[in-house]
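Student: Here's a structure for you.
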Amino acid sequence: MRQYIVDAFTEKVFGGNPAAVCIMEEWLPDELMANITMENNLSETAFAVKEGSGYRLRWFTPGGEIDLCGHATLATAYIISKFIEPGISQIHFKTLSGPLKVIRKDDLFKMDFPAYELKQVEVTEDMIEAIGVTPCEAYMGRDLLCVLESEEEVRKANPDMERIKSIDGLLLHITSCGKEFDCVSRSFAPKLNIPEDPVCGSGHCHIVPYWAQKLGKDSIVAYQASQRGGTLYCKYQGDRVIIGGKAALYSTADINI
């Protein structure tokens, strides 16, 4: 079986967030897909099968299947448009989060994702101990979003992974207003066996709604300030978020199964 590794949300390899992509003729057993994901040891492996005019898309982390993943969706759309259906400009996916659409314009892929509804929650001592600094605000969607005072705090934060496991939310995102970008963020997912996610697309389904309302603007250029780094070109549309990014092919290989 052919597998591709794509760096998403970057223009060149060794940046952004790497995802493995397998476009298959039929589904493998869930256990086998989970084993492939663990063998890859990347934050996400995407599996897709053609269904009608679109594709059924599933995302696996080393900790199990997940309901939404941005960078692996971008990576999958990139592979389909480059190798499977060259030149295709619009790709439809069926997923655990409902129908998703990706539009390609030149080298930019724009993904239409659901926005998470955010509920403000109290900043707790557990959050402070997990992050290592005191958030200004905290919000809960699928994940926990904590707003920090400055970009410097976001970049220098060294969260305690074990403590993150004890607080609510599937992932933890920390964010602040940016200097060169509208916002900067970092994402942590130890509950999924991913200490830090280099660039988290689904996380920006939390981050973008917050900053769009806070800054009073619909278009948000976001930067994920991980060691690899990545830029996301986003537009807030109420219950949807358009997340745009670029991608680069790192490798192509055959899995012997």
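The values are calculated or read from the model by the stated rules, or taken from the named source; none is laboratory data. Values in this document were obtained by computation on a predicted structure and should not be read as measured data. Positions of Cβ are backbone-derived with ideal geometry, glycine not excepted, and every protein chain shown enters the neighbour counts.
Student: Could you check Ser187 against (1) in contact with an Asp or Glu (Cβ under 6 Å, 6 or more places away or on another chain); (2) in contact (Cβ under 8 Å) with a residue 60 or more places away in the chain; (3) crowded, with 24+ Cβ neighbours inside 10 Å; (4) not aliphatic (A, V, I, L, M) and say which number it fails?
Tutor: Of the numbered conditions (1) in contact with an Asp or Glu (Cβ under 6 Å, 6 or more places away or on another chain); (2) in contact (Cβ under 8 Å) with a residue 60 or more places away in the chain; (3) crowded, with 24+ Cβ neighbours inside 10 Å; (4) not aliphatic (A, V, I, L, M), the odd one out for Ser187 is (2).
Student: If I ask for residues that are polar (S, T, N, Q) and surrounded by fewer than 22 Cβ atoms within 10 Å (Cβ to Cβ), which ones from region 124-175 would you list?
Tutor: Thr124, Thr134, Ser150, Asn158, Ser166
Student: Oh, and also: Does at least one position in region 93-110 carry a residue that is within 20 Å of Asp197 (Cα to Cα) and among the aliphatic types (A, V, I, L, M)?
Tutor: No, because not a single residue in region 93-110 is within 20 Å of Asp197 (Cα to Cα) and among the aliphatic types (A, V, I, L, M).
Student: Which pairs do you get when a residue that is farther than 20 Å from Ala19 by Cα and polar (S, T, N, Q), found in region 78-90, comes within reach of a residue that is loosely packed, with under 14 Cβ neighbours inside 10 Å and at pLDDT below 95, reach meaning Cβ atoms under 8 angstrom, with the pair 6+ apart or on two chains?
Tutor: Ser89/Lys105
Student: Can you tell me which residue among Phe181, Phe109 is assigned by TED's automatic domain parsing to the domain that holds Glu65, of a type in the set (Phe, Trp, Tyr) and either surrounded by 14 or more Cβ atoms within 10 Å (Cβ to Cβ) or under 28 Å from Leu74 (Cβ atoms) (or both)?
Tutor: One residue alone meets the criteria, Phe109.
Student: Any residue at all in region 79-97 that is in contact with a strand residue (DSSP E or B) (Cβ under 9 Å, 6 or more places away or on another chain), at pLDDT below 95 and surrounded by 16 or more Cβ atoms within 10 Å (Cβ to Cβ)?
Tutor: Yes, region 79-97 has at least one match.
Student: From Leu74, Leu100, Leu68, grab the single residue that is part of a loop (DSSP other than H, G, I, E, B) and either buried (at least 21 other Cβ atoms within 10 Å of the Cβ) or touching a residue at least 40 places away in the same chain (Cβ under 8 Å) (or both).
Tutor: Going through Leu74, Leu100, Leu68 in turn, the sole match is Leu68.
Student: Does Ser202 count as in contact with a Ser or Thr (Cβ under 7 Å, 6 or more places away or on another chain), of a type in the set (Ser, Thr, Tyr) and surrounded by 23 or more Cβ atoms within 10 Å (Cβ to Cβ)?
Tutor: No, not satisfied.
Student: For region 144-229, which fully contained helices (runs of 4 or more DSSP H) count at least 3 residues that are under 19 Å from the mean Cα position of the chain (by Cα) and over 23 Å from Trp59 (Cα atoms)?
Tutor: By residue number, 204-215.
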